[in-house]
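Below is one structure, written out as structure tokens; comments come after it.
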Amino acid sequence: MNESIIYVVLGIIAFIAYKKYTQYKVLKLVPSLLEEGAQIIDVRTVDEFLVANKQNSINIPLDLLKDRTNELDKAKPIILCCASGSRSGLAKRVLISKGFENVHNAGAWRALTKFNY
């Protein structure tokens, strides 16, 4: 195997491992964030959300988030989710750029179904 391909594969593996680890850290925080009144924001499309979602989560599709930040309480923690964690990662950057501080990317919405809200 070409040496450069090995480095690319190792880079991809490291990226995936880092992504999973950071989502794991957020999931450990979810119970305490919910006790603080966290808002769960699902940034998938409306159609995806209607098919299945975390009960009591709020659907604000990623492409509409910039225009709908006024619907969110900056004083409460925000837990973001989507199908895999990619869009919620982008949403976290959007919210931070809008002045939100207590924002967490939980990754896939299904990971939140085990938590009562």
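For the ranges 5-11, 82-88, what's the packing order if you count other beta-carbon atoms within 10 Å of each residue, average per peptide, and put the highest first?
Details: 5-11: 10.0, 82-88: 20.0.
Top to bottom by mean Cβ count within 10 Å: 82-88, 5-11.
Once both axes come from the Cα atoms, what is the angle between helix 3-35 and the longest principal axis of the chain, in degrees from 0 to 90, rounded to 10? The two axes meet at around 20 degrees.
Counting only GluC sites (Glu not before Pro) that are in a DSSP loop and have at most 12 other C-beta atoms within 10 Å, tell me the longest site-free stretch of the chain.
Details: sites that count: E36, E101.
Between exposed loop sites, the widest span is 37-100.
Residues with beta-carbon under 15 Å from that of L50, excluding L50: net charge, scoring Lys, Arg +1 and Asp, Glu -1? Walk me through the numbers before you get to the answer.
Working: positive: R44, K54; negative: D42, D47, E48.
My count for the surroundings of L50 gives -1.
When the Cα gyration tensor is reduced to axis lengths a ≥ b ≥ c, the ratio a/c is 1.5 or higher for the stretch 3-112, and with a/b above b/c it is classed as prolate. Output the relative contact order of the chain, whole-number percent, from Cα pairs under 8 angstrom with separation of 6+ residues. About 27 percent, as a whole number.
Each part gets one Cα centre, and for the stretch 35-68 versus the stretch 1-19 those centres are 32 Å apart.
Looking at the square roots a ≥ b ≥ c of the eigenvalues of the Cα gyration tensor of the stretch 36-90, which shape do they give, rounded for a/c under 1.5, prolate if a/b is larger than b/c, or oblate?
Values: a/c = 1.61, a/b = 1.33, b/c = 1.21.
Because a/c hits 1.5 or more and a/b exceeds b/c, the stretch 36-90 counts as prolate.
What is the helix-to-structure angle for 86-97, meaning the angle in degrees between its Cα long axis and the longest Cα principal axis of the chain, kept from 0 to 90 and rounded to the nearest 10? Around 60 degrees separate the two axes.
Based on DSSP H runs of at least 4 residues, each adding -39500 (n - 2.57), what is the mean residue ellipticity at 222 nm of the chain after dividing by all its residues, to the nearest 500 deg cm²/dmol? Write down the numbers at each step before the final one.
Working: 4 runs with 58 residues, N = 117.
Here the helix-only value at 222 nm equals -16000 deg cm²/dmol.
Taken together, the values in this text are just the output of simple stated rules run on the coordinates, not laboratory data. This structure is a prediction, so every number in the text was calculated from the model and none was measured. Counting neighbours? That spans all protein chains shown, and the Cβs are built from the backbone with ideal geometry, glycine included.
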